[in-house]
Amino acid sequence: MCTRGIAEPAIEAYLDDVNARLIGPQRTRAAIVEELRDGLHTAAVAHHRRGATPDASVAAAVEEFGTASAVAEAFADELATAYARRVSLAFLLTGPIVGISWLLLLAPPDWWQHGPGALWSSIPALPLTVLGVVAGLLVLAGTSRLSRWIQPTPRHLLDMATLLGLACITGDLVVLAVLAHLAVPTLTQPGLLAAAAAAASLARLACSIATVRRCRHARSALAS
């Protein structure tokens with residue numbers, strides 16, 4: 001192909017610039033970049049057949065596609081939707097593992113005899129868990145067939161994903177604070193379970209902070 005060889009670095013440099021501006025799941029970004037690569041080569045070949053040199057063909061193809069920032073912005077909605085769904089699904093799938101660890105650790109053995117109030121007082125992060133689950137389910141619904149009735153915007157989906165991340169951050173900080181103030185003998189299952197629950201929350205805390213930051217960046221891309 002005419003665009004291979006000396007002109008190839010120009011295409012790859014352009015694609016690298018676009019890829020650096022894309023905010024979203026790696027697989028979706030890779031698919032977009034590959035689609036752009038095919039389109040650029042096709043456009044460059046068309047220009048070459050009309051008599052342009054390989055370098056001039058690539059330059060013309062890149063000019064047709066537009067600046068890297070404009071191309072990245074054109075895919076911002078698609079990437080925001082994919083990212084919001086991906087992180088919501090990840091939190092909802094891994095959340096029960098963290099939640100069950102804290103439930104076994106902090107819940108009184110006879111909490112069911114005293115009603116839900118005893119459980120909520122032992123684990124004050126439960127309302128935040130409910131809030132996060134609702135936000136995550138709304139994102140999944142808004143990115144499924146139900147979206148035809150809900151009709152959320154990418155900005156709304158990112159807001160819900162951000163709310164889910166903030167709920168996880170606050171909830172993990174709350175249960176870690178509770179654990180720090182409890183004496184080990186007062187725990188239902190001290191020792192290894194306490195370490196496992198704390199490690200799970202710390203790992204999710206780091207992921208949640210990264211998620212909130214990335215959602216903010218993706219939202220800024222939409223706003224621009």
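Of the residues making up segment 143-162, none is modelled with pLDDT of 80 or more, under 19 Å from Thr94 (Cα atoms) and surrounded by fewer than 16 Cβ atoms within 10 Å (Cβ to Cβ). Meeting the requirement of 1 or more residues that are of a type outside the set (D, E, K, R) and within 30 Å of Ala90 (Cα to Cα), the helices (runs of 4 or more DSSP H) wholly within segment 1-74 are 8-21, 26-49, 68-74. Could you tell me whether any residue of segment 66-80 is among the aromatic types (Phe, Trp, Tyr), more than 23 Å from the chain's Cα centre (by Cα) and surrounded by 15 or more Cβ atoms within 10 Å (Cβ to Cβ)? No, segment 66-80 contains no residue that is among the aromatic types (Phe, Trp, Tyr), more than 23 Å from the chain's Cα centre (by Cα) and surrounded by 15 or more Cβ atoms within 10 Å (Cβ to Cβ). For segment 34-65, the tally of residues that are surrounded by 16 or more Cβ atoms within 10 Å (Cβ to Cβ) and under 30 Å from Ala141 (Cβ atoms) stands at 0. The single condition from (1) of a type in the set (A, V, I, L, M, F, W, C); (2) surrounded by 15 or more Cβ atoms within 10 Å (Cβ to Cβ); (3) assigned by TED's automatic domain parsing to the domain that holds Ala141 that Ile23 fails is (3).
The values are calculated or read from the model by the stated rules, or taken from the named source; none is laboratory data. Quantities reported herein were computed from a predicted structural model and do not represent experimental measurements. Here the Cβ is made from the backbone with ideal geometry for all residues, glycine too, and neighbour counts use every protein chain on show.
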